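For reference, the structure is listed below as structure tokens.
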Amino acid sequence: MIQNNNQGALQHPLGTGFNAQSTAAEVIEGINLTGKITIVTGGNTGIGLETAKTLAAAGATVIIPARDVEKAKKNLEDLTNIEIYALDIMDPASIDSFAEKFLSSNRPLHLLINNAGIMWVPLRKDSRGIESQLSTNYIGQFHLTAKLWPALKQANGARVVNVSSLGHHMAAFNFDDPNFDHREYETLQAYGQSKTASNLFTLELDNRAREHNVRAYSVHPGSIAGTELGREASTELFQKMGFLDEKGSMRPEVLATLKTIPQGAATTVWAATSGLLKNMGGVYCEDGDIAELLFSDREVNGARLHESGVQPYSLNGNSAKRLWVHTEEITNIRFRIA
């Protein structure tokens, strides 16, 4: 009997032995990726860069689609097995162009790491009127995966890893007004629903794609020091989130929870390569293992970094199907898996 993770049925830690302190190099130890083709969006900085380095060191050919190609070349200049191409994940035409170039190479795609993301930005919308965090953190994942589907299917054993976040605790997906056309914009709510959408996409993608030997996973990398993600957030927002005290200083208890970049990339790499996940997909992972399912649906005003686990509303099978149809309608992208 084929199992799926609808309603979080498979959200039970496997006892991998990894934890929040495990690094990307540790979770991939002993795994050889020679001959594997990988795409890592956002792979020129932060945990995406660490992910790319780790996969390349294990023998994979790693393709980095980047908005700033020159910056990517500089950041990746010392690495081998790396290819760099232009891609703006908020621009539909750019996604199509990149995907067409890759498909024209006739190569299979063994690992697609949808890592690119933004966080806590002012209200902006893409050319289709889609709120920017939703556009980047979810719609871009859907669009790129849809366009690369033939190569994923060709690999006969591909994995798609969508980088999500504990931030999905901030909000369920608002089907009535996802782009804040009729409600006041709140950046934490926007971020939260974009990550919930990523989880729902992962669930439905795995349900649809597994018969073609393609599995999908969503991951929470952790709260990480030294990345560029929060660069547009105000001091007031960090205080609201509980990260900073009234003087604007990082709270010691928060500082103690922050991961290094190698630790932050670990769960992505684990989900992409672990043999323990060979016959399982659609799960939300954290700290190098499958996360626990929380026991009640609830929305919070601000992420709680000391919590873990996945919200049931982000693994609701009916919502996942509804979101897939909704996304095809608003983007005019038909993601037909066959």
Amide hydrogen neighbours beyond the local backbone of Asp68, cut-off 5 Å, H modeled
none
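Just to be sure I understand: if I project the alpha-carbon convex hull of the range 134-230 onto a plane and average over all orientations, what area do I get in nm²?
Computed as one quarter of the Cα hull surface, the answer is 7.1 nm².
Once the Cα gyration tensor of the range 6-329 is diagonalised, what are the square roots of 5 times its eigenvalues, in whole Å and ordered largest first, as equivalent ellipsoid semi-axes?
27, 22, 21
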Can you list the GluC sites (Glu not before Pro) in the range 1-96 that are in a DSSP coil and have 15 or fewer other beta carbons within 10 angstrom?
Glu29, Glu77
In whole Hz and in residue order, list the ³J(HN,Hα) couplings for the range 28-35 that follow from phi through the Karplus curve 6.51 cos²θ - 1.76 cosθ + 1.60, θ = phi - 60°; x for Gly and Pro.
9, 3, x, 9, 10, 10, 4, x
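If each DSSP helix of 4+ residues adds -39,500 (n - 2.57) and the sum is divided by the residues in the chain, what number results at 222 nm, nearest 500 deg cm²/dmol?
Calculated mean residue ellipticity at 222 nm is -9500 deg cm²/dmol.
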Taking H as built 1.01 Å from N, whose amide H comes closer than 5 Å to the amide H of Ala216, not counting residues under 5 places away?
Val160, Asp206, Gly282
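Since every read-out is calculated from the coordinates, none of them should be taken as a lab result. Since the model is a prediction, treat every value here as computed from it, not as a measurement. No Cβ is skipped: glycine too gets one built from the backbone with ideal geometry, and neighbour counts run over all protein chains shown.
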